[in-house]
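Here the structure is laid out as structure tokens; the discussion comes afterwards.
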Amino acid sequence: FPITVLTTAIALFLGIEKGFILSIIGCILSAAFTFMVIRLMGQKAKQYLLSKKKIKKINKLITEEGITSIMILRMVPIGYTIVSVTAALSDINFTKYMIGSIIGVLPDLILCIFLAGSIHNIIMSGDTRYIIAIVVVSIVFICLWSILIKKFISRFKNIKWN
């Protein structure tokens with residue numbers, strides 16, 4: 001289920017602080033659990049999955065770029081589980097994977113919590129000034145996200161695949 005939707009729903013129902021804390025804990029536990037399960041599955045799963053061209057490319061990127069690649073992959077619209085599985089099959093160590101995962105999910109979680117809080121404020125107060133804040137923050141986020149995507153694509157293109 002998309003993390004963005006879950007985070008927003010949790011923040012709307014439980015409040016901003018609890019929503020953020022529960023969301024980050026959920027993301028960390030999900031990332032760690034998936035990584036560890038796949039690592040424990042062994043070489044058969046690794047050989048099978050690495051026969052897939054897209055996964056092979058992402059694996060090479062993760063292995064060469066470490067924390068940065070995990071961080072950026074968490075920020076782009078690639079399935080959360082795909083990143084976890086591919087990272088587990090790469091040569092990245094668990095600590096680097098988790099650091100990249102935590103840093104990578106923070107922008108999305110912060111944006112979702114901000115949006116949920118703003119929507120909550122609009123509903124509760126009827127004050128439409130929050131709409132301006134939503135638009136401004138969304139534009140800034142989209143611009144920063146676009147820059148990161150461009151960096152990711154340029155790194156991806158620069159890898160020597162043979």
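Listed values, structure above:
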| quantity | calculated |
| --- | --- |
| Residue pairs meeting the criteria (Cβ under 6 Å; at least 6 apart or on separate chains; first within 13 Å of VAL37 (Cα to Cα), in the range 74-85; second of a type outside the set (Val, Ile, Thr) and surrounded by 15 or more Cβ atoms within 10 Å (Cβ to Cβ)) | SER84/ALA31; SER84/PHE35 |
| Qualifying positions in the range 7-24 - open to solvent by less than 80 Å² (accessible area, probe 1.4 Å) and more than 16 Å from SER118 (Cα to Cα) | SER23, ILE24 |
| Total residues in the range 103-132, condition open to solvent by less than 60 Å² (accessible area, probe 1.4 Å), under 28 Å from GLY79 (Cα atoms) and not acidic (Asp, Glu) | 12 |
| Flag if PHE141 is open to solvent by 70 Å² or more (accessible area, probe 1.4 Å), modelled with pLDDT of 80 or more and of a type in the set (Phe, Trp, Tyr) | no |
| Near pairs, Cβ below 6 angstrom, 6+ apart or cross-chain, from the range 5-28 (hydrophobic (A, V, I, L, M, F, W, C)) to any residue that is at pLDDT 80 or above and surrounded by fewer than 18 Cβ atoms within 10 Å (Cβ to Cβ) | ILE10/LEU22 |
| Pick from the range 38-65, criterion under 27 Å from LEU6 (Cα atoms) and in contact (Cβ under 8 Å) with a residue 40 or more places away in the chain, ranking: most open to solvent (accessible area, probe 1.4 Å) | ARG39 |
| Conditions (1) within 22 Å of GLY19 (Cβ to Cβ); (2) assigned to a helix (DSSP H, G or I); (3) at pLDDT below 80: number failed by ILE153 | (1) |
| Positions within the range 108-136 being farther than 19 Å from GLY19 by Cα, in contact with a helix residue (DSSP H, G or I) (Cβ under 9 Å, 6 or more places away or on another chain) and of a type in the set (A, V, I, L, M, F, W, C), in sequence order | ILE131, ALA133 |
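The values are calculated or read from the model by the stated rules, or taken from the named source; none is laboratory data. None of the values given here were measured: they were computed from a predicted structure. With ideal geometry, Cβ positions are generated from the backbone for all residues, glycine too; neighbour counts draw on all protein chains shown. Just the protein is used for accessible areas: all its heavy atoms, side chains included, with ligands, DNA and RNA removed. Shrake-Rupley method; radii C 1.70, N 1.55, O 1.52, S 1.80 Å.
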